[in-house]
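All remarks here apply to the structure that follows.
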Amino acid sequence: MFYYKLSVYNLTVYDLSNSNGYCYMWDETAASRGPCDIASCVYRYLKDCANKGITEVALYSDNCSGQNRNRFLVTVYMYELTTTNLQTIRHNYLQKGHTQNENDSIHATI
């Protein structure tokens, strides 16, 4: 008998303006959970915001430099600002030890 455990990753975005949650999920055969993978999910979310006519987005995340504080994410922000109707993207980093937020309610439900 052959047994293999497949890892599944999830990046969750919780929209405070309308209480909607968005889960960007993939398994380890598609990608890992490095900075480019996280940036790709954020890119998709920002593209959806721009398509809805939203011009200002504020994001909140933990201080994980490997996923949230890196040049790949900044590049996505710059690209979105120059190619869509988005005018402002503000990324706020939560203080270490105080990173509990609305996303946690989605993770608890999952």
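Tabulated data
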item	result
Where a residue in segment 1-15 is closer than 19 Å to ALA30 by Cβ and its partner, wherever it lies, is assigned to a loop (DSSP other than H, G, I, E, B) and acidic (Asp, Glu), with Cβ under 9 Å and at least six apart	LEU6/GLU28; SER7/GLU28; VAL8/GLU28; TYR9/GLU28
Matching option when the condition is closer than 20 Å to TYR14 by Cα and in a helix (DSSP H, G or I), among TYR45, TYR60	TYR45
Any hit, segment 22-36, residues being part of a loop (DSSP other than H, G, I, E, B), in contact with a helix residue (DSSP H, G or I) (Cβ under 7 Å, 6 or more places away or on another chain) and either loosely packed, with under 12 Cβ neighbours inside 10 Å or modelled with pLDDT under 95 (or both)	yes
Check on THR82, exposed (fewer than 12 other Cβ atoms within 10 Å of the Cβ), hydroxyl-bearing (Ser, Thr, Tyr) and at pLDDT 80 or above	yes
Residue in segment 88-99 that is among the charged types (D, E, K, R), surrounded by 12 or more Cβ atoms within 10 Å (Cβ to Cβ) and modelled with pLDDT of 90 or more present	no
Flag if GLY66 is loosely packed, with under 12 Cβ neighbours inside 10 Å, assigned to a loop (DSSP other than H, G, I, E, B) and at pLDDT 95 or above	no
Meets criteria (out of contact with any strand residue (DSSP E or B) (no Cβ under 6 Å at 6 or more places or on another chain) and of a type in the set (A, V, I, L, M, F, W, C)) for ALA58	no
Test: residue in segment 58-69 that is under 9 Å from the mean Cα position of the chain (by Cα) and among the basic types (Lys, Arg)	no
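The values are calculated or read from the model by the stated rules, or taken from the named source; none is laboratory data. Since we're looking at a predicted model, the values are computed, not measured. All Cβ positions, glycine included, derive from the backbone under ideal geometry; neighbour counts span all protein chains shown.
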